[in-house]
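For reference, the structure discussed in these notes is given below.
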Amino acid sequence: MTCRPLTILGIPATVIAFGSLSLLVGQNSPTGNDSAPAPQKKTATTAATSQAVPTAKPNGFRTSWGDPDLQGVWNDATSTPLQRPNGVANKEVLSEEEAEQFQAQTAGRLSRDRRDGDAQVDVNRAYNEHWMDSRRLKVTADHRTSLIVDPPDGKIPPLVPISAERQKMLNERGAEVGRFNAGMPNNYRDFDLAVRCVIRTDVPPYMPIIYNNDLQIVQSPGYVVIAPEMIHSARIIPVDGRPHINKHLLLWLGDSRGHWEGNTLVVETTNFRPDSNIFQDADPKTLHLTERFTRVDAKTINYEYTVEDPHTWTHPWTVRIPWTRIDPGEQMYEYACHEDNYDVSHFLQGARERERRGEVVQPIPELPLNEPLK
Amino acid sequence: MKPTGNKLGVGAAVAAGLMLFWMGAIVPASAHHAFAAEYDAKKHVVLKGTVTKMEWINPHAWIHIDVKKPDGNLEEWMIEFGTPNTLLRRGFTHDSLKPGTEITVDGYQSKDGALRANGRDVTLPDGKKLFAGSPVADAPYKDPDK
Amino acid sequence: MVVPAAAQQSATPKQPAAGQLGESARQYALDIGQFPPYKPARMPDGHPDLNGNWQAMVSADWDLQDHDAQSGPKPEINGVYGAGPAGQSIVEGGEIPYRPEALAKKKRNFEMRATVDVSNDKTWHDLGDPELKCYMPGVPRANYLPYPFRIVQGGDASSPYMLISYEFASATRIIRMNWKETAPVPSWMGWSRGHWEGDTLVVDVSGFREETWFDRAGDYHSDELHVVERYTPVSPYHLMYEATIEDPKVFTRPWKIRFPLYRRMEQDFQLLEFKCEPFTEEMLYGRFGKKPAP
């Protein structure tokens, strides 16, 4: 199975962090869940329901026109890894003590204030931790060992072989990344969409990264609008049952339609542009993305998403990330990006200057990173 | 049942297993503008200078400093930092670092040799670290988790 | 006027007197832009419901003041695609009250509106209309660009915010309702604080980046720009929009613009995306690309 390079913001720092959990093997875990591994083939709905936070009875959070109230400014940062580390076997949930230890270890590993290692690692730890989202060093309140809740082993399901066309696209992108990492981009097309300031964490499904993990939700009758901080876009989700737009209209953020199931907003998103950041490089023609938003209490939204793509994974998988309310004390601020994107000019002019000097630089497929994203 | 084995041994064994695990999964290869792509690990710089301008902008804040060289000439450097939005939520405002302030910047210079560096550490003359969890002048530091 | 007896008994309606419109008065009033009295639909909190997809019909983005049709930049390439229509001023009194010394910059803006140069950070914003570069348009320009936007209004105490989502550049504004704090840092779309005055939403906007323009004619402002907007529903399909613009560095006094916003009434209408950044990359960064070997 080939290792496919990926250039999206989809996977948070947490994927590197999970190695620390191995150090917890050998600890007593009286509250741990030691259930046997579930069979591999599992439908998304069964797993999601069994794992879902029970919200059968109506809760007190309602808008003045009667819809469940999801409004506020929310933060989704966490250090809990996307996938369950091998070291914890089938343990879904850590004990209080284990979670504290894991949180401390992960924070230590992820912290940009680390001074160990050589200059090659240090240069990428700039700027320092003060510029990062402090909540990204905290595990989820429920102490799960992975953000993936289905399949029950907490891992992304096996990949299926992809088409030659998709592999070609990924290889081309890998070449662009190699030039970029070496600081020698050919032109602006060697930058990814995030560096070019087209889209960032506003493409669903939402995953936390190192900073600005904030999303504002404003509702009106018939609509739920989600405005992530980067890059200042608003996702307008009708909840009145109207159909998606025509299949020929393709959008960077896809086209979303929502409906209420009890207290939960269920959103289906289709019509992604193929050149957008498709989650995990799945096939936009067959990717099926369903998100679920449930207001759990005054300070928490339970955010879950299920992805399904027979052209990419053997079966669907589901992720759960708790969102924490941060307003009014903290606010979301404008994230202008393209307007002052000096980096693109610096990078390109710098590459031309180095070429003029006769520098020959080999592409670098992967940089030695603490975590994959800046 | 209490599992045995020392932490280090188990960790090392599992780490090896983890490496194998990751080969088969989707791993992001793009650094999305990792500093190591633009700045040179071999060009560590320590710049002592006076702040002339602070650009409190996204995607990166910049501090401009005039650095006095031994020959008396001034070099204009610009230092790259992160998103100001994070600092705003920590209570640090764009008035908190005023032009004229003397700072020492520890960082890595741009690969193309331009007078640009990424800011790793910023220290004030009294030894206090800027952007490191302690207040600057009268700007109160706000920890969102407290 | 004396009506002949024969005319009084005929089936045709009474003719109005010369200069009087009679029954046609209502239609004529609409024709000259007068709205009949209107009581808007209301949200549960009692305020008028401004939710919807809105768009301006004026050509103010070409020029806030009176303007003839024009060929636009590079007509030898763009032909009519780059040209703009004539339009009447939306400025109260017709003219923007510039300080005499501030007019030179407007002239230079206009001359260089289609020129860009991002090779030097120091002069990064010196040339070119920010709209040309797909930079966020600021306020009030975002409201009279020829693209739709959506006002999102809930009105719950749990969420003291309104949101405006613009199709252009996916620009978004959060309007903080009854809010005390001012802008912590300048922004392209400004810092908006709203409150209701009767059936009018009043939005105070400050904390602007100075680099936005008002139009393609080069009308501009400084970092002291202060805008007060007023949104008043005047029919089920129109909002009347007014904005008072104040900037003592550039203008001799505050001045006002006024025009209706129209509700987009197409069946199943929704905002699509006008993420225009990719349309600007060749223009801005193409020159820094690697030239192919000869």
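Bear in mind these aren't lab numbers, they're just calculated from the coordinates by the rules spelled out. Values in this document were obtained by computation on a predicted structure and should not be read as measured data. Cβ atoms come from the backbone with ideal geometry, glycine included; neighbour counts cover every protein chain shown.
Side notes on the structure shown:
- Calculated diffusion of chain C, Stokes-Einstein form, Kirkwood radius summed over Cα pairs, 25 °C and 0.890 mPa s, µm²/s: 113
- Distance in nm between pseudo-label sites at A:GLU172 and C:ASP268 (7 Å out along the Cβ direction from Cα): 3.2
- Partner shielding of C:178-191 amounts to 4, given as the average count of beta-carbon atoms from other chains within 10 Å of each residue beta-carbon.
- Translational diffusion coefficient (Stokes-Einstein; Kirkwood radius from C-alpha pairs) of segment A:262-374 at 37 °C, 0.692 mPa s, in µm²/s: 174
- For chain C, relative contact order (Cα pairs under 8 Å, six or more residues apart, normalised by length) works out to 20 percent.
- For segment C:149-202, chymotrypsin sites (Phe, Trp or Tyr not before Pro) meeting the loop criterion (DSSP other than H, G, I, E, B) and having at most 15 other Cβ atoms within 10 Å: none.
- A DSSP coil position with no more than 10 other Cβ atoms inside 10 Å describes the following GluC sites (Glu not before Pro) in segment C:102-183: C:GLU181.
- The ranking of B:GLU55, A:GLU261, A:GLU304 from fewest to most other beta carbons within 10 Å of each one's beta carbon is A:GLU261, B:GLU55, A:GLU304.
- With the simple spin-label model, which puts each label point 7 Å out from Cα in the Cβ direction, the C:TYR237 to C:LYS256 separation comes to 2.6 nm.
- Cβ-defined net charge surrounding C:GLN65, 15 Å radius [Lys, Arg +1; Asp, Glu -1]: -2
- Those residues of segment C:213-228 whose amide nitrogen sits under 20 Å from the label point placed on C:GLN70, 7 Å along Cα→Cβ: C:213-222
- Cross-link pairs exceeding 22 Å between alpha carbons, from the set A:LYS285/C:LYS133; C:LYS122/C:LYS275; B:LYS53/B:LYS129; B:LYS48/B:LYS98; B:LYS111/C:LYS133; C:LYS74/C:LYS106: A:LYS285/C:LYS133; C:LYS122/C:LYS275; B:LYS111/C:LYS133.
- Applying Stokes-Einstein at 25 °C and 0.890 mPa s to the Kirkwood radius of segment C:166-294, computed over alpha-carbon pairs, gives a translational diffusion coefficient of 140 µm² s⁻¹.
- Expressed as a fraction of 2.2 N^0.38 Å, the C-alpha radius of gyration for segment A:232-275 is 1.21.
- Calculated from the alpha-carbon coordinates, segment B:38-130 shows an Rg and a Dmax of 12.9, 42 Å respectively.
- Inter-probe distance in nm under a simple model that places probes 7 Å from Cα toward Cβ, at C:GLU181 and A:SER163: 4.9
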